[in-house]
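Colleague: A single structure is presented below for examination.
The values are calculated or read from the model by the stated rules, or taken from the named source; none is laboratory data. Predicted, not measured: the structure shown is a model, and the values here were computed from it. Virtual Cβ from ideal backbone geometry, glycine too; neighbours counted across all protein chains shown.
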Amino acid sequence: MAEPIDPAAYQQRLDRIGEIFDSMMTTVADLTGRRCPYKNRFDRCTAQFGCRNQRKPEDPSQLKVCGGDDKLDYRSAWETT
């Protein structure tokens, strides 16, 4: 049989999870202005549209290389046409 849940302890855990997610969202909000959301951890572009930062990969079967340097606001680089 399961032990009863202590409402105070439960709330404390929820508050801690909220603090963790708040911290993560602050970091994400900061990075979105500097790092393209389509750039993966291997510096490859996963966008299914054109971008002036895309570079051809050595192997045509691979994703394009992201040529951005993460020092710019990438949102203006995305083509809309």
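Colleague: Looking only at segment 33-58, which residues are part of a loop (DSSP other than H, G, I, E, B) and of a type in the set (S, T, N, Q)?
Modeller: N40, T46, Q48, N53
Colleague: Something else now. Just need a number here: residues in segment 1-32 that are in a loop (DSSP other than H, G, I, E, B), modelled with pLDDT under 90 and among the acidic types (D, E).
Modeller: Residues meeting the conditions: 1.
Colleague: While we're on this one: Residues in segment 34-46 that are hydrophobic (A, V, I, L, M, F, W, C) and buried (at least 18 other Cβ atoms within 10 Å of the Cβ): how many?
Modeller: Total satisfying the criteria: 2.
This table checks each residue for (1) in contact with a Cys (Cβ under 9 Å, 6 or more places away or on another chain); (2) of a type in the set (K, R); (3) in contact (Cβ under 8 Å) with a residue 60 or more places away in the chain.
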{"site": "E3", "(1), (2), (3)": "no, no, no"}
{"site": "P7", "(1), (2), (3)": "no, no, no"}
{"site": "N40", "(1), (2), (3)": "yes, no, no"}
{"site": "C51", "(1), (2), (3)": "yes, no, no"}
{"site": "K56", "(1), (2), (3)": "no, yes, no"}
{"site": "L63", "(1), (2), (3)": "yes, no, no"}
{"site": "G68", "(1), (2), (3)": "yes, no, no"}
